[in-house]
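A.B. asks: Got a structure for you, written out below as structure tokens; questions coming shortly.
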Amino acid sequence: MDKIKDQSAAVLKYAVLILSSLVALYPFIWVILSSLKDNFEIYSNSFGLPQAYQWVNYYKAWTVGKFGVNFINSVLISFISTGVVVIISAMVSYSIGRIKPNNALYTFFTIGIMIPLHALLIPTFILIKNMGIMNTRLSLYLVYSATNISMSVFILVSFIKTIPSALDEAALIEGMNFWQIFTKVIFPLSKPGLATIGTLAFLNCWNEYVYAAVLIAKPAFKTLPLGIASLKGQYFTDYSLMCAGLAITIVPVMIFYILFQEQVIKGMTAGAVKG
Amino acid sequence: MVKELEKLKNRAAALFLAPGLGLYLLFVIGPLIFSVYYSFVKWNGVGAKEFVGIANYIKLYKFDQFWIAFMNNMKLIIVSLIVQVPSAFIFAYLLYRNTKGYKAFRAILFLPVVVSPIAIGAMFSIFYNSEIGLFNVLLDALHMGSLKRQWLSDPKILLYSVMAPQVWQFIGYHMVIQFAAMQSIPHQVIESASIDGAGSTGILFRIVLPMMWDVIQISIILCVTGSLKAFGHSWIMTQGGPGVRSSYLTVLMFRMAFLERNFGMSSAISLNIVVMALLFTVVFKRMAKRSSIEY
């Protein structure tokens, strides 16, 4: 009797999990399949595989829809900003977590986690305008690097504290200077922490919309989320074009997520501890 | 010698700190301070700033659009709390109960979290389309055509249509946090309880749930602060319209700043968002601490 109860409980458990996985996954599958259909087929054959694969949708999205330009901008901006964040956050964390442990500065850096970015939007817009760098990728490199520092320092300082201090003391005695200790000891030993903050910063940059919407108006510098927004405004009834544009935006993040799943989850949920 | 080393350390610490601190001051702390300042001036972004004291706030609190957007945020908070926290708990618990392939399930359920809210919102705009959209087509296929709706124009359901993708998207986020906390419950506790004859319901309600209270608190805080920050889904799907019917405070703030060029009022809205989020976090944490169970 108990066994039957256990079995039916197990069946129910897997049924719930499989069904909810479908609910989580299917919307993306639908978009990707629809990106390979023409507009009529999206309507007439909503759930099936495409009858003839319309790769031309991607060509149209890439050229007419400007997703080619947007894609390159997103790649450049995400990689460069992430690189900058990783290096300067590691330097800050080494400074306030190791060379001169400083709790006040640590708190100062991490309060940024609690500030909603919308509260910074108007002053940042004015600042970028006054700096004369509106409509440049540079504006986003700066803003994205700066807004990702707080979380990165929060994650990295606790990571650096787990590295035995005997290591850099020994290096110091051997005559290494602080820069050498940083590049040859701390940075390499922090790799798992750096991977976590890097993946998190990369996703934040790839997905960011409001700053880009306010700082970039020139089509030549627009990122993918801006591309989606303008496509939705202009060609909303061209659903296959929309779906192809969405796929160009979503599929790279998904591949990224599949490759770095553990780091992505660790990074994105690290803020939860902070609350 | 020691003194010299200290001096060296100070100099190195300052040099390593400088680039990060500079960027952080310039683009995070500086703007935060200026936000406060702008909320006390009347300014369209180009002309002269006129100091008006708390006039922006007074105007804001008498402004019906502010309260509509505020209530939309409150509704989003309530819906997130009712839907996200319990379903995340159920999923986490199902994964926790010796489930084969739990890593794959966890990975799939977390997947929507990594996608941009703008992309999710645009996706759902297509799904809501009354002709080709997934929802109406699905309802037709299930012979439930009477439930078909104009999801984004029927004023009765518009706001909920805008909320749905956001609530859906972040269930996996809460699930992962709660699952991690469940996994850290010591196995001996569960084992000794089942030796003592506790059934699985007993284990769930007497052991897992109470031990999860701390992380559920975090989930609640994240629901509230996350809902206060909500922007992308509403903006991309409806621009917060018609009127401000599907606007959240952030959307109202954005429209007021960048469509109406009213930087003063707009800053006052952002300050309200910041204060609400901080106030809730502090008050709730204090209240929760008092009711927390000590082990």
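Read the figures in this text as sums done on the coordinates, not as results from a lab. Just so we're clear, the structure is a prediction, and the values are computed from it rather than from any experiment. Glycine gets a Cβ as well: all are built from the backbone with ideal geometry, and neighbour counts include every protein chain shown.
A.B. asks: Between segment B:145-162 and segment A:8-77, what is the separation of their alpha carbon centroids in Å?
C.D. replies: 23 Å
A.B. asks: Also: Rounded to whole Å and ordered largest first, report the semi-axes of the equivalent ellipsoid of chain B derived from its Cα gyration tensor (root of 5λ).
C.D. replies: Whole-Å semi-axes of the equivalent ellipsoid: 38, 34, 19.
A.B. asks: Here is a further query. Mind checking B:27-40 for the average number of partner chain beta-carbons within 10 Å of each residue's beta-carbon?
C.D. replies: Values: counts 15, 12, 7, 5, 14, 6, 1, 6, 8, 2, 1, 3, 2, 0.
Whole-number average of other-chain Cβ neighbours for B:27-40 is 6.
A.B. asks: Might you report the magnitude of the Cβ-based charge dipole of chain B about its Cα centre, with Lys and Arg at +1 and Asp and Glu at -1, to the nearest 20 debye? The partial results should precede the final answer.
C.D. replies: Working: 25 positive and 12 negative charges, 103 e Å.
The calculated dipole for chain B is roughly 500 debye.
A.B. asks: A 21 angstrom limit on the alpha carbon distance is what I want to check against. Which of A:Lys3/B:Lys100; A:Lys60/A:Lys232; B:Lys62/B:Lys285; A:Lys161/B:Lys289 exceed it?
C.D. replies: Details: A:Lys3/B:Lys100 18 Å; A:Lys60/A:Lys232 15 Å; B:Lys62/B:Lys285 31 Å; A:Lys161/B:Lys289 28 Å.
Checking Cα-Cα distances, B:Lys62/B:Lys285; A:Lys161/B:Lys289 exceed 21 Å.
A.B. asks: Return the average number of partner chain Cβ atoms within 10 angstrom of each residue Cβ along peptide A:89-101. Please report the intermediate quantities before stating the final value.
C.D. replies: Details: counts 3, 2, 7, 8, 3, 4, 10, 5, 0, 3, 10, 8, 1.
Mean shielding by partner chains, rounded to a whole number: 5.
A.B. asks: Also, I was wondering about something else. Could you sort the peptides B:7-17, A:195-205 by per-residue average Cβ neighbour count (10 Å cutoff), highest mean leading? Write out the running numbers ahead of the final one.
C.D. replies: Details: B:7-17: 16.1, A:195-205: 23.7.
The densest-packed peptide leads the list: A:195-205, B:7-17.
A.B. asks: Under the definition of Cα pairs under 8 Å and six or more residues apart, what whole-number percent is the relative contact order of segment A:96-193?
C.D. replies: Numbers: 48 pairs, mean separation 32.4, N = 98.
Across segment A:96-193, relative contact order equals 33 percent.
A.B. asks: Still on this model: Per q in 0.10 Å⁻¹, report the Debye log10 I(q)/I(0) for the protein assembly as shown, using one uniform scatterer on each alpha carbon and no solvent.
C.D. replies: Ignoring solvent entirely, the Cα scatterers give -0.94.
A.B. asks: Which aspartates and glutamates, if any, have their Cα less than 14 Å from the Cα of B:Lys9, not counting same-chain residues under 8 positions apart?
C.D. replies: Within the straight-line limit of under 14 Å, B:Lys9 reaches these aspartates and glutamates: A:Asp168, A:Glu169.
A.B. asks: Next question, about the same structure. If packing is taken as the average count of other Cβ atoms within 10 Å, what order do A:35-45, B:208-218 fall into, highest mean first?
C.D. replies: Listed from highest to lowest mean packing, they are A:35-45, B:208-218.
A.B. asks: May I ask you to order B:255-266, A:180-191 by the average number of other C-beta atoms within 10 Å around their residues, highest value first? Please list the in-between numbers first.
C.D. replies: Values: B:255-266: 20.4, A:180-191: 16.8.
Top to bottom by mean Cβ count within 10 Å: B:255-266, A:180-191.
A.B. asks: Separate question: If you find the alpha carbon centre of segment A:161-186 and of segment B:234-295, how far apart are they in angstrom?
C.D. replies: Taking the Cα centre of each part, segment A:161-186 and segment B:234-295 sit 45 Å apart.
A.B. asks: Have a look at A:Phe178, A:Thr199, A:Ile113 and report the one farthest towards the positive end of the charge dipole of segment A:63-274, computed about the Cα centre with Cβ charges (Lys/Arg +1, Asp/Glu -1).
C.D. replies: After comparing all options, I get A:Ile113.
A.B. asks: Considering every residue in B:260-270, what mean count of other chain Cβ atoms within 10 Å of its Cβ is obtained?
C.D. replies: Average per residue, whole number: 2.
A.B. asks: So, one more: About the Cα centre of segment A:1-153, how large is the charge dipole given +1 on each Lys and Arg Cβ and -1 on each Asp and Glu Cβ? Please answer in debye to the nearest 20. Before the final figure, lay out each step's value.
C.D. replies: Details: 10 positive and 4 negative charges, 72 e Å.
Value, rounded to 20: 340 debye.
A.B. asks: Would you please calculate the Kirkwood hydrodynamic radius of chain A over all C-alpha pairs and express it in Å, rounded to one decimal?
C.D. replies: Details: mean 1/r = 0.0462 Å⁻¹.
Evaluated on chain A, it is 21.6 Å.
A.B. asks: Segment B:121-204: percent of C-alpha pairs farther apart than 16 Å? Mind showing how you got there, number by number?
C.D. replies: Values: 2361 of 3486 pairs.
Pairs farther apart than 16 Å: 68 percent.
A.B. asks: Rounded to the nearest 20 Debye, what is the dipole magnitude of the protein assembly as shown about its Cα centre when Lys and Arg each give +1 and Asp and Glu each give -1 at the C-beta?
C.D. replies: Working: 43 positive and 22 negative charges, 168 e Å.
Result for the protein assembly as shown is approximately 800 debye, rounded to the nearest 20.
A.B. asks: Less than 18 Å apart at the alpha-carbon level, and either on another chain or at least 8 residues along: which lysines does that give for B:Lys103?
C.D. replies: A:Lys13, A:Lys266
A.B. asks: Please list, or write none, the lysines whose alpha carbon is within less than 17 Å of the alpha carbon of B:Lys3, excluding same-chain residues fewer than 8 places away.
C.D. replies: The reachable lysines, counting only those whose Cα sits under 17 Å from B:Lys3, are A:Lys100.
A.B. asks: Using helices alone, I'd like the mean residue ellipticity at 222 nm for chain A: each DSSP H run of four-plus residues gives -39500 (n - 2.57), total over residue count, nearest 500.
C.D. replies: Numbers: 15 runs with 198 residues, N = 275.
Rounded to the nearest 500, the figure is -23000 deg cm²/dmol.
A.B. asks: Next up: Please say if segment B:144-295 is rounded, prolate or oblate, where rounded means a/c under 1.5 for a ≥ b ≥ c the square roots of the C-alpha gyration tensor eigenvalues, and otherwise the choice is prolate for a/b larger than b/c and oblate otherwise? Write out the running numbers ahead of the final one.
C.D. replies: Values: a/c = 3.84, a/b = 1.79, b/c = 2.15.
Cα axes put segment B:144-295 in the oblate bin.
A.B. asks: Same structure, new question: Counting only C-alpha contacts under 8 Å and six or more residues apart, can you give the relative contact order of segment A:157-275 as a whole percent?
C.D. replies: Working: 50 pairs, mean separation 31.1, N = 119.
Relative contact order comes out at 26 percent.
A.B. asks: Rounded, prolate or oblate: pick one for segment B:67-186, where a ≥ b ≥ c are the square roots of the eigenvalues of its C-alpha gyration tensor, a/c under 1.5 means rounded, and failing that, prolate if a/b is larger than b/c, else oblate.
C.D. replies: Numbers: a/c = 2.35, a/b = 1.61, b/c = 1.46.
It is prolate, given that a/c is not under 1.5 and a/b is the larger ratio.
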